[in-house]
Amino acid sequence: MQPKVKAAVLASGSGSNLQAILDELHGDPEIPLEVVLVLSDVNSAYALTRAAAAGVPTQVVRPRDHATREEFDREVAAVLDQHGADLVILAGFMRVFRAEFVRRYAGRIVNIHPALLPSFPGAHGIRDAFDYGVKVTGVTVHFVDEGVDTGPVIAQCAVAVDPDESLASLEAKIHAVEHEIYPETIRAVAEGRVTVAGRDVRVLGRRS
Ligand code: GRF
């Protein structure tokens, strides 16, 4: 059997995407991935509670305990190394890593963004798209590069904005799609079915 990819999930908030990853991928002998660590920058992140409930080790690294962003990044990398993580999954992690960190994990960090990039990058993708009045928005899974929400796109899924849509109903629709597309895409990465050549990312087959 294929050796398991050791994944660290980084989350700052509720962790509903973490939960989808744990439910769909973790602990399944058929799937070559295990979540070895959940790391947060916030003590109170509910993601930590979800991880503990699943028996996954947790660690908090707080920016305020580090003099510079580079020191914070180095501490995160040291914790990832301690747990042997070889795939970094950002799931609502509200920090931007500096170039050195991103280069170290090149091709091994993924992120999910709740809009169709390159539209509506940043921390409020759902609300920004809603306020703009778009008829279609969606979800993007991408590799992380040195920019903010600029890395090569692995998967996207469109979500219609209905005429009487409220921001809350759009958020619910986006999150439901996220919880499908993120585990499915991470599984493809773990199974070695994702190839990258510059910005040309291909996902081979459906399942191994
Ligand atoms: C998600 O909408 C994700 O796309 C964005 O942050 C949110 C995290 O939600 N990057 P959760 O903590 O996974 O519930």
Residue ID - farthest from the ligand (Cβ to nearest atom), chosen from residues in segment 88-98 that are crowded, with 21+ Cβ neighbours inside 10 Å and among the β-branched types (Val, Ile, Thr): 88
task: Could you please find all residues in segment 127-138 being open to solvent by 20 Å² or more (accessible area, probe 1.4 Å) and either within 12 Å of the ligand (Cβ to nearest atom) or out of contact with any Phe, Trp or Tyr (no Cβ under 6 Å at 6 or more places or on another chain) (or both)?
output: 127, 130, 131, 132, 133, 134, 135, 136
message: Checking the condition at pLDDT 95 or above, surrounded by fewer than 21 Cβ atoms within 10 Å (Cβ to Cβ) and more than 14 Å from the ligand (Cβ to nearest atom), which residue from 171, 184 passes?
response: 184
message: Step by step: first the residues of segment 99-118, then only those that are away from the ligand (no atom under 16 Å from the Cβ) and loosely packed, with under 15 Cβ neighbours inside 10 Å, then the one that is nearest to residue 187 (Cα to Cα). Which residue is that?
response: 107
- request: Determine, yes or no, whether residue 95 is charged (D, E, K, R) and out of contact with any Asp or Glu (no Cβ under 6 Å at 6 or more places or on another chain).
  value: no
message: Could you tell me how many of the residues in segment 74-96 are closer than 19 Å to residue 147 by Cα and over 17 Å from the mean Cα position of the chain (by Cα)?
response: 1
task: Among residues belonging to segment 139-149 that are touching a helix residue (DSSP H, G or I) at 6+ places or on another chain (Cβ under 7 Å) and within 11 Å of the ligand (Cβ to nearest atom), point out the one that is nearest to residue 163 (Cα to Cα).
output: 139
- line: Going through segment 144-166 in order, the residues found to be farther than 26 Å from residue 10 by Cβ and either of a type outside the set (Gly, Ala, Ser) or without any contact (Cβ under 8 Å) to a residue 12 or more places away in the chain (or both) are 161, 162, 163, 164, 165, 166
statement: Filtering helices (runs of 4 or more DSSP H) wholly in segment 1-85 for at least 3 residues that are open to solvent by less than 60 Å² (accessible area, probe 1.4 Å) and within 27 Å of residue 180 (Cα to Cα) gives 16-25, 46-53
- request: Under 9 Å between Cβ atoms, at least 6 apart or on separate chains: pull out the pairs that start in segment 35-46 with a residue that is closer than 8 Å to residue 9 by Cα and away from the ligand (no atom under 14 Å from the Cβ) and end on any residue that is in a helix (DSSP H, G or I) and open to solvent by less than 10 Å² (accessible area, probe 1.4 Å).
  value: 37/51; 37/79; 37/80
query: Which of the residues spanning segment 157-168 are exposed (fewer than 13 other Cβ atoms within 10 Å of the Cβ) and under 24 Å from residue 24 (Cα atoms)?
result: 158
- prompt: Of the conditions (1) in contact with a Ser or Thr (Cβ under 8 Å, 6 or more places away or on another chain); (2) within 10 Å of the ligand (Cβ to nearest atom); (3) open to solvent by 30 Å² or more (accessible area, probe 1.4 Å), residue 123 fails just one. Which one is it?
  reply: (1)
task: Consider only pairs whose beta carbons are under 9 Å apart and that are at least six residues apart or on different chains; among these, list those whose first residue lies in segment 184-195 and is at positive phi and whose second residue is open to solvent by 40 Å² or more (accessible area, probe 1.4 Å) and not aliphatic (A, V, I, L, M).
output: 192/2; 192/208
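The values are calculated or read from the model by the stated rules, or taken from the named source; none is laboratory data. Small disclaimer: the values here were computed from a predicted structure and weren't measured. Positions of Cβ are backbone-derived with ideal geometry, glycine not excepted, and every protein chain shown enters the neighbour counts. In case anyone asks, the SASA skips ligands and DNA or RNA and just uses the protein heavy atoms, side chains included. Shrake-Rupley method; radii C 1.70, N 1.55, O 1.52, S 1.80 Å.
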